[in-house]
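The values are calculated or read from the model by the stated rules, or taken from the named source; none is laboratory data. No experiment lies behind these values; they were computed from the predicted model shown. Note that we place each Cβ from the backbone using ideal geometry, even for glycine, and neighbour counts take in every protein chain shown.
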Amino acid sequence: MIDPDSNIVTKEAVAKDWLPRYTGTPVEEIGDYVLLTNFYAYVDQFAERFGCEITGQDRRMQAATNKDGLSIINFGIGSPNAANIMDMLTASKPKAVLFLGKCGGLKHSTEIGHFILPIGAIRGEGTSDDYLPQAVPALPSFKLHKFVSDKLCECELEYRTGVIYTTNRRVWEHDEKFRQKLKSYTPIGIDMETATIFIVGHANKIARGALLLVSDVPTTPDGIKTSDSDAAVSRNWAEIHLELGIDALTGIGEKGEEIKHLRYENQ
């Protein structure tokens, strides 16, 4: 915990104090494997499936953990929140973190309801610049994504791979200059968290990945997300999205496989 009488504040002390403060969950009760989401409904469904308690109902983030050591945390929306939770998770040192988020599809091959397993992300959000230089690519942990890919194939679900553009900008669909810049980068989708999770996870030595659900096609007038269209996406695909995340991280835990191919060494 943070010692008010000390002149030295460590990241570990801050993380150990903030993780329970934000989630209402003691550090030791966060599981070895963690699902991250932007949606309270995912936490609610998880808790109902496993009969576990939802903590943090009066906090900024809600969480639940099953008896097998799998946790889910609703961290909110946007790259600052994504960086915050990835920093705070250094207190519990999870073996793997998988982000279950939504994204806008930017290719003709990406339709609403498709899943995207990103091979990397473009750091357009700015938040990750505080962690590593821009020259460092935002990448997932390969072995974690292999497990997720295996689950998608087992379920005979189509999915796409490609690069995600992560931005801090929420309303951009009207801006032709931004749209043209986006097109020049050739991403398969756009979101507000993936690059941050990949970079902050790398900086904090946490194995990380993302499975994104295409919820809109924002470059077409009839494809821009609305309350009704977003509700339809959740109704039709949220359950299988969550199931895939649960099965992937549970499978890794049961096999007891090491996710990191390379050992992090202190330089």
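The set of residues in segment 87-103 that are assigned to a helix (DSSP H, G or I), of a type outside the set (Asp, Glu) and within 17 Å of the chain's Cα centre (by Cα) comprises MET88, LEU89, THR90.
In the set (1) modelled with pLDDT under 70; (2) in contact with an Asp or Glu (Cβ under 8 Å, 6 or more places away or on another chain); (3) not acidic (Asp, Glu), the condition left unmet by GLY223 is number (1).
Whether any residue in segment 202-210 is in contact (Cβ under 8 Å) with a residue 60 or more places away in the chain, crowded, with 17+ Cβ neighbours inside 10 Å and among the basic types (Lys, Arg) is what I want to check. The answer is yes, given that some residue of segment 202-210 is in contact (Cβ under 8 Å) with a residue 60 or more places away in the chain, crowded, with 17+ Cβ neighbours inside 10 Å and among the basic types (Lys, Arg).
Out of the residues in segment 211-256 that are among the polar types (S, T, N, Q) and in a helix (DSSP H, G or I), which is nearest to LEU100 (Cα to Cα)? Walk me through it before giving the result.
From segment 211-256, those among the polar types (S, T, N, Q) are 215, 219-220, 226-227, 229, 234, 236, 250; that's our starting set.
After this cut, where a residue has to be in a helix (DSSP H, G or I) as well, the list is 227, 229, 234, 236, 250.
On the way: SER227: 20, SER229: 19, SER234: 12, ASN236: 15, THR250: 15 Å.
Of everything passing the filter in segment 211-256, SER234 is nearest to LEU100 (Cα to Cα).
The set of residues in segment 107-116 that are modelled with pLDDT of 95 or more and over 11 Å from ARG160 (Cβ atoms) is empty.
Quick check: is even one residue across segment 120-128 surrounded by 16 or more Cβ atoms within 10 Å (Cβ to Cβ), among the acidic types (Asp, Glu) and under 18 Å from THR167 (Cα atoms)? Yes, the conditions are met somewhere in segment 120-128. Quick test for you: out of ALA64, ALA47, pick the one residue that is in contact with a strand residue (DSSP E or B) (Cβ under 6 Å, 6 or more places away or on another chain), in contact (Cβ under 8 Å) with a residue 12 or more places away in the chain, assigned to a strand (DSSP E or B) and buried (at least 19 other Cβ atoms within 10 Å of the Cβ). Going through ALA64, ALA47 in turn, the sole match is ALA64. Taking first residues from segment 78-100 that are of a type in the set (D, E, K, R) and partners that are buried (at least 24 other Cβ atoms within 10 Å of the Cβ), the Cβ contacts under 7 Å between residues at least 6 apart in sequence or on separate chains come to ASP87/VAL200; LYS95/TYR33. For segment 211-231, a residue qualifies if it is surrounded by 13 or more Cβ atoms within 10 Å (Cβ to Cβ) and under 25 Å from GLN180 (Cβ atoms), and the qualifying residues are LEU212, VAL214, SER215, ASP216, VAL217, PRO218, THR219, GLY223, ILE224, LYS225, SER229. Assessment of segment 134-141 against the conditions (of a type in the set (A, V, I, L, M) and without any contact (Cβ under 8 Å) to a residue 12 or more places away in the chain) yields at least one matching residue.
Looking at segment 232-259, which of the residues that are among the polar types (S, T, N, Q) and modelled with pLDDT of 90 or more is surrounded by the most Cβ atoms within 10 Å (Cβ to Cβ)? If you could, list the steps in order and put the result at the bottom.
Restricting attention to segment 232-259, the residues satisfying the condition of being among the polar types (S, T, N, Q) are 234, 236, 250.
Narrowing the set further to residues that are modelled with pLDDT of 90 or more leaves 236, 250.
Working: ASN236: 12, THR250: 17.
By that ranking, first place goes to THR250.
Exactly one residue out of THR161, THR167 is among the hydroxyl-bearing types (Ser, Thr, Tyr), surrounded by 15 or more Cβ atoms within 10 Å (Cβ to Cβ) and modelled with pLDDT of 95 or more: that is THR167.
Of the strands (runs of 3 or more DSSP E) contained entirely in segment 104-203, those carrying at least 2 residues that are over 20 Å from ALA248 (Cβ atoms) and in contact with a Ser or Thr (Cβ under 8 Å, 6 or more places away or on another chain) fall at 115-124, 159-167.
Of all residues in segment 5-44, those satisfying the criterion of being among the aliphatic types (A, V, I, L, M), in contact (Cβ under 8 Å) with a residue 24 or more places away in the chain and not in a helix (DSSP H, G or I) are ILE30, VAL34, LEU35, LEU36.
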